[in-house]
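Each remark here refers to the structure printed beneath this line.
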Amino acid sequence: MTIATDRPIQQKPLSFDEFLILYGGNNRYELIDGEVFDLEPTGPHEEVAAFITTKVCVQIDGIGLPWFVLQRALLRPSNMGITAFRPDVVVVDRDELTKELLWSNQSILTLGSSIKFVAEVVSSNWQNDYARKVEDYAALGIPEYWIADYAGLGGTRQIGKPKQPTLSICTLVDGEYEIQQYRGNQTITSPTFPGLKLTAELVLRAGK
C-alpha cells in the first residue's frame, strides 16, 4: 500500500465521516489513524484474493455454515479511533449481523465477533499487514488471519532471508496470534477451514 496521492497533502488527519465522503465509494482505499492508504490492487494481487475467496466459499458451502464472504468490506472498529480497514477477504457470520448497528444501511462492520476469518494480500506497504493489522485483528478477536505475501515483499524480520513468497497463517490463542509460515509445496493448515487441501504455492500463485 502507499499513501493516496490523488488528493491534497493532509494538513490534519481525516475523520471517518470525511473518509466516507471522499473515499467511501472506492474500495481501493482504507483509513489508518486518519491517513488514507491505497490498497494497490494489481492484477496478481486480485488473482490471489479471488483464489482465496473461491476456496473459502467452497468450504463454507460444503460445511453448511451461516457464513458468507466479502471482498474489501469496510471494517470500522469502534474502539480504534479514526481507522477503517478494508481486508481483501472477510468471512462474515450472518448470525452476528443483528448486533451490527450500521449494517442494515451501510456495508460497514464494527465488531470483531462478526468476522471468522480475514486475509490480506501484501502490497508495497507491507508494514500494515505484518504489524498493525496483526495487533488490531487479534484485539478484535478475529480467530484466523492470513497474510498472503505472493511477491515476498515483507521485511526479513517477517519472512526471513533470502526473502521469498510466504503465506503466514495467524491463529488466535489467548488473545494473541500464533503465526505459522508456509512456502513452496508445504501443505497449509487452517483451523477455521480444516478441509482445505492446499499448498502455499497454490495460494500464492493463485492456483497456477
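Values in this text are rule-based calculations from the coordinates and carry no lab data. As the structure is a prediction and not an experimental result, all values here were calculated from the model. Virtual Cβ from ideal backbone geometry, glycine too; neighbours counted across all protein chains shown.
Largest GNM mean-square fluctuation across Asn105, Asn125, Asn79, computed for the chain with C-alpha springs under 10 Å, falls on Asn105.
Full extension of the chain between Met80 and Thr171 gives 30.6 nm of extra length, using 0.36 nm per residue less the Cα-Cα distance. When only alpha carbons are used to place a centre, segment 129-208 and segment 20-90 end up 16 Å from one another.
With a cut-off of 20 Å on the backbone N, the residues of segment 91-131 near the modelled label site 7 Å out from Asp17 along Cα-Cβ are 101-110. Peptides 65-74, 146-155, ordered by how many other C-beta atoms sit within 10 Å of their residues on average, highest first, read 146-155, 65-74. Under the simplified labelling scheme, the Val58-Gln186 pair shows an inter-label distance of 2.3 nm, with each label point 7 Å from Cα along Cα→Cβ.
Counting only lysines at least 8 places from Lys133 when in the same chain, those with an alpha carbon closer than 25 Å to its own are Lys12, Lys55, Lys99, Lys116, Lys161, Lys163. Residue separation of Gln164 and Leu102 scaled by 0.36 nm, minus their Cα-Cα distance, works out to 18.3 nm of gained length.
Remark: spin-label model distance Ala131-Ile179 equals 1.1 nm, labels positioned 7 Å along the Cα→Cβ axis.
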